[in-house]
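FYI, it's all coordinate maths here, none of it is from the lab. Since this is a predicted model, take the numbers as computed values, not measurements. All Cβ positions, glycine included, derive from the backbone under ideal geometry; neighbour counts span all protein chains shown.
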Amino acid sequence: MKTLFGNFVRARFFTRHCGRARARHLTIIATLAFWAGGIAAGPQMAASKPLARSESPAAALRRAGLPRKVLLGTVISGYEIFTQPLEKRLQRMDELVEAMAARARVNFPAARLDLVVLPETFLARPGDSLAQQVVRMEEVLPRIAACAKLHGCYLIVPVLLREAAPPLRYSNTAMLVDREGSVVGIYRKVHPVAPQGSDVLEGGTTPGREFPVFECDFGRVGIQICFDMLYADGWDALARKGAEIVALPSASPETAHPSLYALLHRYYIVSAAPRDHAAVFNPLGMIEAQITQEDVLVHQIDLSYAILHWEAVLEEGEGLRRKFGDKVGFHYYRPEDGGIFWSNDPATPIAQMIRTLGLTESDANVDRIRRLQEKARGGPPAAP
């Protein structure tokens with residue numbers, strides 16, 4: 001079934017305080033580095049065997065982890081921004097991030113904004129050719145850095161970039177800047193689009209080569225841009241590298257592919273677009289928060305979560321709520337017979353909570369039942 005699912009895809013497309021929380025995050029990074037080293041040491045296996053959910057370093061981390069709340073911000077920008085000169089776009093960036101920070105202060109007064117995502121090619125110039133539209137890093141970085149530092153958040157800003165190093169190249173990028181305004185890294189779109197009837201990729205952009213995962217103080221972030229949605233390689237690579245959140249700055253409001261990849265790889269995806277839809281997709285493949293008109297969206301997630309399928313003792317989450325009250329949080333989706341659960345108690349992991357009901361996570365239970373099936377039939381089912 002995993003093979004069929006993978007073929008379908010290919011065919012159709014940190015508490016933020018010092019002290020103990022900081023030390024806990026450093027431990028997390030060390031654990032993930034160990035896992036990543038193991039992956040790097042075995043590239044042939046990684047290439048020949050689909051990534052099982054139980055093998056994901058992010059999954060290994062979150063199972064027993066204490067709560068890690070992350071406050072996300074995104075936007076539907078409208079198209080007018082793309083007709084504006086660079087200075088107006090920089091001003092609009094400042095306005096949008098301020099609007100998200102203000103929303104965060106009202107709705108999440110005990111938290112601070114962690115990660116903001118803006119739509120594809122947000123910073124560029126108007127023009128008839130790519131050469132006219134691109135900007136140099138030094139033209140935009142000081143303003144991006146100042147915005148991130150002012151609001152104390154990580155900021156992902158898509159930039160049509162004229163590369164500094166020769167030869168002359170243009171890239172469709174997304175720049176990640178940290179809370180102090182330092183560049184964490186840049187993702188260059190690996191899969192730029194060529195319109196039907198044309199062999200030119202987005203006016204002459206050079207495709208990127210790598211799918212980096214970036215260390216942030218709240219967790220690990222990957223990036224995909226728009227048409228990357230139609231190719232599985234980036235999403236697979238980000239999962240293998242332990243991404244916990246994937247930012248999707250886009251020109252398209254598409255929902256089917258982000259839902260699919262969030263479900264398949266058990267990470268959160270946060271999309272930003274100019275029209276119709278921007279959202280947070282959770283690791284069940286469900287849209288957990290969304291906007292459908294020009295506005296900003298601020299939504300909190302927890303990277304230490306558990307996914308549970310229906311069990312009578314769970315009572316669609318009420319079994320846990322009776323035991324733990326507001327110390328447990330969840331979204332249960334009755335039509336899907338499952339839900340995503342997290343702890344609101346800084347001292348108690350969600351895994352400990354669900355064990356009080358005699359439960360384990362859905363993926364671990366699926367693997368357990370698979371072993372029972374294979375024992376009963378004398379091996380795996382016949383290959384197709």
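Data for the structure
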{"item": "Sites LYS323 and THR255 - FRET efficiency at Förster radius 35 Å, r taken between beta-carbons, to 0.05", "result": "0.50"}
{"item": "Residue-span extension gain [ARG275 to TYR79] - 0.36 nm each, minus C-alpha spacing", "result": "69.8 nm"}
{"item": "Inter-site label distance for GLU374 and ALA111 at 7 Å from Cα along Cβ, in nm", "result": "3.9 nm"}
{"item": "Sorted by Cβ neighbour density within 10 Å, fewest at the top, the residues LYS88, LYS375", "result": "LYS375, LYS88"}
{"item": "Cα convex hull of the range 225-384 - mean projected area over all directions, nm²", "result": "11.9 nm²"}
{"item": "Dimensions (Å) - the range 305-384, Cα atoms, principal axes, largest first", "result": "47, 28, 19"}
{"item": "Candidate aspartates and glutamates for bridging to LYS88, where Cα separation is under 19 Å - those fewer than 8 sequence places away on the same chain excluded", "result": "GLU80, GLU98, GLU120, ASP128, GLU138, GLU139, GLU294, ASP295"}
{"item": "Calculated FRET efficiency for the pair ALA99/LEU230, C-beta based, R₀ 45 Å, to 0.05", "result": "0.90"}
{"item": "Relative intensity, log₁₀ I(q)/I(0), of the range 182-232 from a Debye sum that treats every alpha carbon as a point, q = 0.15, 0.20, 0.28 Å⁻¹", "result": "-0.49, -0.75, -1.12"}
{"item": "Computed lengthening from VAL200 to ALA383, 0.36 nm per intervening residue step minus Cα-Cα distance", "result": "61.7 nm"}
{"item": "Long-range amide H partners of ILE223 with built H, under 5 Å", "result": "ALA247"}
{"item": "Amide H contacts under 5 Å for THR121, placed H, 5+ residues apart", "result": "VAL159"}
{"item": "Likely footprinting exposure, GLU254, GLU244, fewest C-beta neighbours within 10 Å first", "result": "GLU254, GLU244"}
{"item": "Projected area averaged over orientations for the range 81-189, convex hull of C-alpha atoms, nm²", "result": "6.7 nm²"}
{"item": "Sites ARG136 and HIS331 - FRET efficiency at Förster radius 45 Å, r taken between beta-carbons, to 0.05", "result": "0.55"}
{"item": "Span from the the range 319-358 Cα centroid across to the the range 121-175 one, whole angstrom", "result": "42 Å"}
